[in-house]
1. Considering only C-alpha atoms, what is the centroid distance from the stretch B:489-564 to the stretch B:385-404, in Å?
2. Under the Kirkwood approximation for Rh and a Cα-based Rg, what ratio Rg/Rh is obtained for the stretch B:45-321?
3. What is the mean number of Cβ atoms from other protein chains located within 10 Å of the Cβ atom of each residue in peptide B:328-336, rounded to a whole number?
4. May I ask you to sort A:57, B:196, B:177 by Cβ crowding, counting other Cβ atoms within 10 Å and putting the fewest first?
5. Once the Cβ-Cβ distance between residue A:185 and residue B:485 is put in as r, and R0 is 35 Å, what FRET efficiency do you end up with, to the nearest 0.05?
6. Sort the protein assembly as shown into rounded, prolate or oblate with this rule: let a ≥ b ≥ c be the square roots of the eigenvalues of the Cα gyration tensor; rounded if a/c is under 1.5, and if a/c is not under 1.5, prolate when a/b is larger than b/c, oblate otherwise.
7. Please give the FRET efficiency for residue A:223 paired with residue A:280, using the beta carbon to beta carbon distance and R0 = 45 Å, rounded to the nearest 0.05.
8. Using 0.36 nm per residue, how much length does the chain from residue A:301 to residue A:111 gain when fully extended, once their Cα-Cα distance is taken away?
């Protein structure tokens, strides 16, 4: 099921990035006309020659097939016109950071969200529940770019370089324990900012589900059997309340990636986010397309993982 | 009860009074600061720079080591016979010591190193580190003459009839790869880059047209050049012979890529001949890029062949390394400065003024603020061109509308400048700018300003008079005639993403325009894309920081349609087609007269008339002006008193970066210690 989905996604991605009128060569042509003082015909000729070089003169489906063939057979994602480098050279390191930050956000927001959700549900309408709910609504409603901006001002006034993943002097150092610690000192900022909304969401979902389940007859049965409250909550209730959160896991990674794009753009972190944005602005289509495609791959993979996880945790799913 | 409220009132009165006093003190401090800033010492040229041989020379330790290893020739052989000597008399702290790193931020993408073809290195001081002009326009603010100082041209003389200008070049200066600099480089820059219509240089032939003929440049010998003009004494051209407009290009590097010398190459090849990862580029400037990573960092190292020394014979620059953090928003530089990870910033983002001044006053603050002048200028440029970038009926209809003075008046009346100024910074750092020159500009005359202040009622009336009605009741006016009849009056406004303040202003303009029935759509683009849109004429409104207006005499060609590319908001279309607006004809005459005018008083008269025409006709629509301050680390020495962030040039040239130094005990470690500039043999 995953493979055909990916195929459809790749076609959609390719069509979408071709949708805006013109291509990168149109931009080049305009530049040649305006900056280079060439006549329209001369500039069009140069642009046409460049299209031939990059295969942009071929019909759309041929371009698609060539692109796909190169990705599958050689891992070649095409050429980034803007960076004047192969897309793979531009995208991998940045994508690595994006995935790392997004996964960390995901992990932390899930763990923390579930914990607070359990606490909130088991302490319903008590002060702890109100505090947690209050912060959850703040977390849900504060845009991450705003948090990122506030973080920048606070860090600057504390004498910490705002944004980035490393202190200045570690940027060029080879990997070491010190550099790793330095990374930790910086990476928590985007992780907290992007993860906050997710944490709040997970907390609300967990709280609601758990409250529902705590009112189920089998919980009453467990309690009346005289099981300790801890066993009732964790063994019988929580496991069943987790299902919606796990089902949502597959969807959440792209959500984290889009949050990461926003936060990284504000925090000036060299991840794939800011790169994707500028690729879209300048119609650097292979770069934009490859990024979308890779995000789609993660989405599909995430869904697959979520399905497997759900089957593992909930026996009913296996027999469906 | 009553007594309580009385007491409360009394408290409020006292509080109000205290606030008032504080306000007066702040205004007093700022005005004193400004007046202090304008009292700075000025010099004769020879007090700042001389060209002479010194008995002995010395160099930075890492270069001495490279010489010892046999990687570089000795310093005497690398320097010209008579190097440029930066005189102690022109230094505020005297000769310095080697070392330290100058850390800053660049928020514009680095596109490459072929500056002669208009390729952007990333601004924010990057170009000033690498490029050198024939004359030094950044020195002018400190000179008694107020004219450009010498640089690669050591001196020059006009013929008696004023039709030839002979310039003498420094002898024996070398490019950073050791290749000699000669008149051939200057001729290549002029004929094959500036004048070649296929090379997108910063100034085209229009700027160099004197009395209807393009100025001719003759090579007398390797170190003498002679300009020939059709009309006597085009004194304005000296201002175009400095940094950027006449940053000399390395002919020996670029000729093999130029279609004129290599028929196999195209102009596309030439423009992109020096991409950013091709390191190090060959330069004449004090620093050479050696490391570049997109969106992360650019590092430059001292140029081992730099041709300037101090009076003790020490080869400049003192500071060995430049570190540019690559970012996307200009505000990053301000934040990094506060954090202590950046060493200098021009305060061009009003939104952060208060924060920075608070931080500067804290005990232990690592930076100080150098008060500037009223030259920070924010204005709307309305695209008036009927032929450049006009692709469809919509473009044409909009341009026709923009060319209508009644519409420009409506736009001006729609802008609540006071609110914008107060919202960005509470306090006296910003004020409304009606149009045209900022009040700190050279030749500014307050009496020649006509203003169309905030009056939304009037704006609505004017728009109604132009035939706009809200026919569909959505609150936005609709066109009632012409090809766009029935459509909403929607206008896009281009803003460059690195210019945080412009983005803030545009956000406020959106609601102000909506209030009079115009929908404004911000279009935020990277500066490199924006520059391409400018030259292609593909913008409707442009929210610009018009810094160039701070010294109008140095940018004469940009003030009226005297060249095909200027002004930015009224470029000529294909085949130089342009329909002048009635007042523009007189503007052209004024600019023409100014080109040859040497008397300050007469220049001032002409500029006043130009200013009147500009403001009366809303050639551009001013929004706000501000004090252009600089913030800089306290560890740097030799920062000239009162150095402006922007006047004839940017801070980087005004300060003469190569003579700035840091005492040994305050120096920071370099990012790439021990690395020197090296070129592979092929």
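1. First find each Cα centre; the distance between them is then 16 Å.
2. Values: Rg = 18.7 Å, Rh = 19.5 Å.
Reported Rg/Rh, Kirkwood definition of Rh: 0.96.
3. Values: counts 8, 5, 0, 4, 9, 0, 1, 10, 8.
Partner Cβ neighbours, averaged per residue: 5.
4. Numbers: A:57 14, B:196 22, B:177 19.
Ordered by Cβ neighbours within 10 Å, fewest first: A:57, B:177, B:196.
5. The formula returns an efficiency of 0.05 here.
6. Working: a/c = 1.55, a/b = 1.46, b/c = 1.07.
Because a/c hits 1.5 or more and a/b exceeds b/c, the protein assembly as shown counts as prolate.
7. Taking R0 as 45 Å, the efficiency between residue A:223 and residue A:280 is 0.20.
8. Working: separation 190, 0.36 × 190 = 68.40 nm, distance 2.05 nm.
Full extension of this stretch gives 66.4 nm more.
No value in this document is a laboratory result; all are computed from the given coordinates. Since we're looking at a predicted model, the values are computed, not measured. A quick note on method: Cβ atoms are made from the backbone with ideal geometry, for glycine too, and the neighbour counts reach across all protein chains shown.
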